[in-house]
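What follows draws every value from the coordinates through simple rules; no lab data is involved. No experiment lies behind these values; they were computed from the predicted model shown. Please note: Cβ atoms are built from the backbone with ideal geometry, for glycine as well, and neighbour counts cover all protein chains shown.
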4 protein chains.
Amino acid sequence: MTTIQTSAIPRDRDDDYTRAAAEARREFVRERTGARLEHVGSHSFDPPETRGNIEHFTGVAQVPLGLAGPLLVNGEHAGGEFYVPLATSEGTLVASYNRGMKLAREAGGVTVTVLDDAMQRAPAFGFDSAREAREFGRWIDEHLDELREHAEATTSLGRLRNIEQYGASRFRYLRFNFTTGDGAGQNMAGKATAAACAWIREHYDGIRHFQLEANFATDKKHSHVNTLHTRGKRVVAEVTIAPELMERHLNTGTGPVYRARQVSNLGGLLSGVNNNGSHSANAIAALFIATGQDAGNIAESSSAAAYAELRPDGSYYYSITIPSLIVATYGGGTGLPTQRECLELLGCYGEGKVRKLAEIAGATVLCGELSLGAAVVAEEWVDAHDRLGRNRP
Amino acid sequence: MTTIQTSAIPRDRDDDYTRAAAEARREFVRERTGARLEHVGSHSFDPPETRGNIEHFTGVAQVPLGLAGPLLVNGEHAGGEFYVPLATSEGTLVASYNRGMKLAREAGGVTVTVLDDAMQRAPAFGFDSAREAREFGRWIDEHLDELREHAEATTSLGRLRNIEQYGASRFRYLRFNFTTGDGAGQNMAGKATAAACAWIREHYDGIRHFQLEANFATDKKHSHVNTLHTRGKRVVAEVTIAPELMERHLNTGTGPVYRARQVSNLGGLLSGVNNNGSHSANAIAALFIATGQDAGNIAESSSAAAYAELRPDGSYYYSITIPSLIVATYGGGTGLPTQRECLELLGCYGEGKVRKLAEIAGATVLCGELSLGAAVVAEEWVDAHDRLGRNRP
Amino acid sequence: MTTIQTSAIPRDRDDDYTRAAAEARREFVRERTGARLEHVGSHSFDPPETRGNIEHFTGVAQVPLGLAGPLLVNGEHAGGEFYVPLATSEGTLVASYNRGMKLAREAGGVTVTVLDDAMQRAPAFGFDSAREAREFGRWIDEHLDELREHAEATTSLGRLRNIEQYGASRFRYLRFNFTTGDGAGQNMAGKATAAACAWIREHYDGIRHFQLEANFATDKKHSHVNTLHTRGKRVVAEVTIAPELMERHLNTGTGPVYRARQVSNLGGLLSGVNNNGSHSANAIAALFIATGQDAGNIAESSSAAAYAELRPDGSYYYSITIPSLIVATYGGGTGLPTQRECLELLGCYGEGKVRKLAEIAGATVLCGELSLGAAVVAEEWVDAHDRLGRNRP
Amino acid sequence: MTTIQTSAIPRDRDDDYTRAAAEARREFVRERTGARLEHVGSHSFDPPETRGNIEHFTGVAQVPLGLAGPLLVNGEHAGGEFYVPLATSEGTLVASYNRGMKLAREAGGVTVTVLDDAMQRAPAFGFDSAREAREFGRWIDEHLDELREHAEATTSLGRLRNIEQYGASRFRYLRFNFTTGDGAGQNMAGKATAAACAWIREHYDGIRHFQLEANFATDKKHSHVNTLHTRGKRVVAEVTIAPELMERHLNTGTGPVYRARQVSNLGGLLSGVNNNGSHSANAIAALFIATGQDAGNIAESSSAAAYAELRPDGSYYYSITIPSLIVATYGGGTGLPTQRECLELLGCYGEGKVRKLAEIAGATVLCGELSLGAAVVAEEWVDAHDRLGRNRP
């Protein structure tokens, strides 16, 4: 036991969000590991600003940030030109997105639409048998008003939209769908669902098992239920590229790019991808880190469905559907100093801005799809990484 | 066209990695958007250090970093106690992993094993018909030595291990598997495969279509082929928890936790998750940002297979298999100042360390699985987020 | 063209469902191939009975039929003992199901519940962009009453329950869910949906693309949308087996069988099965052929989710959830002479019987899961096939 | 217990494959259920012919059989015209395939290629930890010769091709791949693998768990591992249709059919199908029943990947890849009287014919894809079912 005490990370029980507490931790590991954490200890803000964002605050990871743009967006919430902050350590990423944005802008911009918006928590209830579970499901349908009341009492912004039900074995999985304003809403959805479940458990006999989550909201993971029913925002970005634009900017034709897309679709069908496009996770990760999103949600936000057409006039219609894009402009990491600045750069900080951010994210993703898709066809891909990246060994 | 020029992001063609160039970009967007980017402009290193990691370098995203540990690892490459740097903006994340590490340590530590190691690039070749594609496949098998020679000529560290083949329609998808030393190896694999393909195209007649990638390496996305055949490292972390330890640390019993796992397994089967565990993406994202990994790879690295047993003595065996964990201790973002410090903190900077890092990552993931899995069962989950997170609205 | 005429299969334009027409076809192929089709030409009914079931009627395939049972079912529609007709050519199949039925009967029978019931047709509508597609979706929601009216006007039994919507790219996929009485209902659902779509196309401007089906009803194939939202009947069968019963009947214990189930669950997660159970397709295929179901639907009906528990008293709870079991007791092949007799044997011929048949099917499937699951563990599996099957070469 | 005896299905312990035994069973259920089973009792062959194919032989299901064709096949094993026996109760099925065959014939026939051929059994071995499981895997690789020897000693025809390995948790899943001559080979693969496993268990210490199958061969179910690595035959069928042929035979153009295919591809990606084509299970089920294949294998044989191109000259290239088509021309039900006749009709009975049958199956499937794909676009689909099917209620 003594061993455990001596090796425990130092913690100031009065106030752990101080420069002294952070320095004590850096000193603690410096002694044990030799790592000096000098850069980690260099941050431009005061530790209390991270309260609610981290425990054992010890410093920061500084992630290089570049700008891509202007990105011309034709959205319902985002209209006009944007300069997109991308935080990444992967050479060529910013250059590639920038290239796609230039092309898309000349093509008239990216049209983006948010199709749907929902955040979930999905409790499971167990019963003696499937039959009791089915009866429970009926009761839930009949008591939606009460459930909504108890769920919404825990939140000023969240609204319970509907409850999907999935029956299997002696269980009933309920998938609560909330709208959550400008927050990503996982915690809000969790708290509201817990309140509704407390009420259920008080009023319904025969529940033999309960757990607030059982892999039907699928936070921090890709799932087919999210692909079908949206988690966060469901966003479609679209563009149509004239053949001469494709040639001028991406050094290949719309025909070859389209044919390569078909071969990639077949490949993805067989390999079982959660995304038949090119690399949407790159934009999403870089934008998430820059703007204070929950990076664990890159898991589900990286799912996508690409769809392309080669039109009779030789132009290339390309769209990307992102079914589970989880973004926020309020709460979580959005208020951290650098992250807030990046949101301000996009005009997306604070309330009423989340769909605007979702549209910008969708448009950014699409531009990278154009760029990488063409680079593979034009056989410039490896060269670009050689030139711009750390393609050393 | 003029419009495009005036709105283009400033770039110094002589040397774009200077404080002046970064400031010019900040000024440029400040004028256009009002965003001041003061914190973004605060970094503790010189811009040239980011060459090869970013274009249009403008500053940094400062991501709060906390320490969790000590994490007791029983690996083949990592042995002993580690303090794990986690960069995140999600409150409770560090606390939750820390809690799991405490439990795992008292249980004797986490046993971790790297089962496999491979990085891919997967070109597609098209032919007149499936029959020609099949013949091509035979030819590839017969010329593996030449292909290896040409592929490996482009790299000092990469080794071509084998080439999987997948036939469909008139195409042959070749999946080149490389070992890549301590780098993540995507670029190396790409360059080596391109060289092999150049040789193929010179020596084989009848190729009607070629693209260097067609959704069979599935970089930056989850796929079933990666789950089956590994991308990056295939890591298994295991622990066995005595019932009294579970009760003391996580306020619930091994029986309830085990039963909840079964219900989550069923839920995940139906919902179609790429990960039947709890939230491995959280640890992976936080560790990736802290240590300079490619955050776009959170997409595939977040796939996992949880497997648990309730042993006759009441103890709980839990394992997590991560089939496509992409990590590096060399190249990419690993040399950036804060990221390098974090790798040094783990004793993982530089050559010969990548499996050690993979083991630490696997052990970290497992500890978070224990903690969240139990929190759901003990119904402490929502409370923890209320107490530690920004569960505001 | 002449060549085509002379090799065309003979057809009697006045009445093609006659013994003479069938004989003419047999003679035609006999001349060309030497195959005599004597047994094929032996059928106990008159050709007109197959009108609406086949074209170019030429004879029959005689599939051996065995009985398994008694199967003790505790359903809401099926109660008591049943003798289940299974048409198959696979040795050991009937014996294995029979063995499971014996065990299940001693255990008190199989509890079966039909959780849901729906048949689909899923048209796709295309628009200029995703935004127009989204607007269309709202309009559909607002006009559900009219759609129901036009859909139901085409059928005396079908009822339009609801329309799910899935948006992607510039398309809107509508999934019409019908209840279809005792028919399987694919044709009914198709006709009713076509009528609704005709009305839509008359009343909605801006539709740029229409197709009555686009892989969202997924007839004749497994899909995740069917697993989540049911196609045909969603059936759960459950049983609890005392340890001594398992030992007496299946020569192994509940513990080993349970542990093997866990390993199979993990295997199935990794291999990407559409069914983590053992072999439900065997029962379903044999019962479908015996009772005149559409054998093409074995594709989706063979999907299943197994879930087991080892209870504190050592008993084994096993359940199987079949999310897309497509059965009928009316229409299709159910009225064919041998098939009708088999339905009568189960008390399932005609109207008002389809859920009874679904329950019997679910119970039958479960018994085979018990039997094969235990045979693998008891290492009797290969022996059984050696003894009973045609394990020749 | 007495109850069980009296309700047990009668069985003649001396010889159960007699007309008397079958009649006794029919009489037994007639008394209990009133079902007369007259047609079921009408079969043209003697009961002993079903030995090894069924237990409790009671009669037959007579499934209507129609002929489609001529089907023009350009295979390596099947060349020329074939009349394809299809046993089904679904009206329009034969007509639809016949229509597609007519078109394909005028287009020069269907090119079919068998890409691969393997049958599996996949045992799981458990160890104390993942590390021991990995060591075991190495040992297996080193002892492939001995394993082959012991496996092949059980069979005159089967050959052990290779063993795939999949590691997860403390388990090692081995997937034994056999070539199995003209049999489907499941039983042969099972017996040979069991022999190899017996040898392993004698010679390797530390095995804590063993089961001969754990969802990695995935018999009777669809799986991604089968899609990737073939189960049975991997078959590609291809055709190129001139636009005027499409118009003349299918009343629509190649452009609309191609565009509809794209929308179906997108739909299938989202809905999570195991087959993005139209309805291959229909042909496969009808051909399987006619020719004595194992109808439970319709589950995996119905998986498919469609891929189409609209060529610059307006012609339509269509291909279907069937990754896990399980067929036999020897053993199982292939020797049953009507089934054997159907195989003879195709020139496929007996040894050395299995790839020929696989090619015919692939070509048949393709013709139905053409026909239904076009019927949806030409909006003739519902009408065809109204005219030819039992679209009654």
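Each Lys and Arg Cβ is given +1 and each Asp and Glu Cβ -1; about its Cα centre, region B:15-107 then shows a dipole of about 340 debye.
Cβ crowding within 10 Å, taken as a proxy for footprinting-reagent exposure, orders A:His249, D:His209 from fewest neighbours to most as D:His209, A:His249. The fraction of Cα-Cα pairs per 10 angstrom bin, counted from 0 for region C:239-393, comes to 11, 34, 32, 20, 3 percent, rounded to whole percents. Convex hull volume of the C-alpha atoms in chain D, normalised per residue: 193 Å³. Per-residue shielding of B:128-140, expressed as the average number of other chain Cβ atoms within 10 Å of the residue Cβ, stands at 4. Each copy carries a label point for C:Asp128 at 7 Å from Cα toward Cβ; from one copy, the others' points are 4.6, 6.1, 7.1 nm away, ordered from shortest. Distances between placed amide hydrogens fall under 5 Å for D:Asn275 paired with D:Ala304, all partners being 5 or more residues away or on another chain.
The order of B:Asp386, C:Asp313, going from fewest to most other C-beta atoms within 10 Å of their C-beta, is C:Asp313, B:Asp386.
Classify region C:124-175 as rounded, prolate or oblate, taking a ≥ b ≥ c as the square roots of the eigenvalues of its Cα gyration tensor: rounded when a/c is under 1.5, otherwise prolate if a/b is larger than b/c and oblate if not. Don't skip to the end; give the middle numbers.
On the way: a/c = 2.89, a/b = 2.39, b/c = 1.21.
Here region C:124-175 falls in the prolate category.
For chain D, the mean residue ellipticity at 222 nm estimated from helices alone is -13000 deg cm²/dmol, where every DSSP H run of n ≥ 4 contributes -39500 (n - 2.57) and the total is divided by all residues, rounded to the nearest 500.
Per residue of B:157-166, other chain Cβ atoms within 10 Å of the residue Cβ number 2 on average.
Centre-to-centre, using Cα atoms only, region D:2-59 and region C:344-393 are separated by 17 Å. Projected label points at A:Arg387 and D:Ala20, each 7 Å from Cα along the beta carbon direction, are separated by 9.0 nanometres. Region C:120-196 and region C:200-279 have their alpha-carbon centroids 25 Å apart. Inter-copy label distances at A:Arg161, shortest first and taken from points set 7 Å along Cα to Cβ: 2.2, 4.2, 4.7 nm. Taking label points 7 Å from Cα along the Cα-to-Cβ direction, B:Glu142 and B:Glu379 give a separation of 7.0 nm. With neighbour counts taken as other beta-carbon atoms within 10 Å, the residues A:Ser302, B:Ser44, D:Ser271 rank, fewest first, as B:Ser44, D:Ser271, A:Ser302. Over 32 Å apart at the Cα level, from the set A:Lys102/B:Lys233; C:Lys356/D:Lys102; B:Lys221/B:Lys356; A:Lys353/B:Lys353; A:Lys221/B:Lys353, are A:Lys102/B:Lys233; C:Lys356/D:Lys102; A:Lys353/B:Lys353. Model label points for D:Asp205 and A:Asn162, set 7 angstrom from Cα along the Cα-to-Cβ axis, are 6.2 nm apart.
With its label point put 7 Å out from Cα toward Cβ, B:Thr18 sits 4.4, 9.8, 10.5 nm from the same residue's point in the other copies, in order from shortest.
Here, P(r) means the percent of Cα pairs in each 10 Å bin from 0 to the largest distance; for region B:300-361 it is 20, 36, 25, 14, 5. Across the alpha-carbon set of region C:245-327, the Rg to Rh ratio works out to 1.04, Rh being the Kirkwood radius. I need the shape label for region A:34-105. Rule: rounded when a/c is under 1.5, else prolate if a/b > b/c, else oblate, with a, b, c from the alpha carbon gyration tensor. It is oblate, given that a/c is not under 1.5 and a/b is not larger than b/c.
Diagonalising the gyration tensor over the Cα atoms of the protein assembly as shown and scaling each eigenvalue by 5 before taking the square root yields semi-axes of 52, 36, 31 Å, largest first.
Here the Debye sum runs over all C-alpha atoms of region A:80-124 as equal scatterers in vacuum, and log10 of I(q)/I(0) at q = 0.20, 0.22, 0.32 Å⁻¹ comes out as -0.81, -0.88, -1.17. Measuring r between the beta carbons of A:Glu81 and B:Arg51 and using R0 = 35 Å, the FRET efficiency lands at 0.80.
So what does the Cα-only Debye profile of region D:149-233 read at q = 0.11, 0.14, 0.17, 0.25 Å⁻¹, as log10 I(q)/I(0), no solvent term? The computed values of log10 I(q)/I(0) come out as -0.30, -0.49, -0.73, -1.43. Each Lys and Arg Cβ is given +1 and each Asp and Glu Cβ -1; about its Cα centre, region D:325-366 then shows a dipole of about 80 debye. In terms of overall dimensions, the C-alpha atoms belonging to region C:1-159 reach 63, 61, 30 Å along their principal axes, ordered largest to smallest.
Over region A:59-153, the hull volume per residue, using the convex hull of the C-alpha atoms, is 255 Å³. Chain D residue nearest by beta-carbon to the axis mapping D to C, with distance in Å: D:Ile298, 2.
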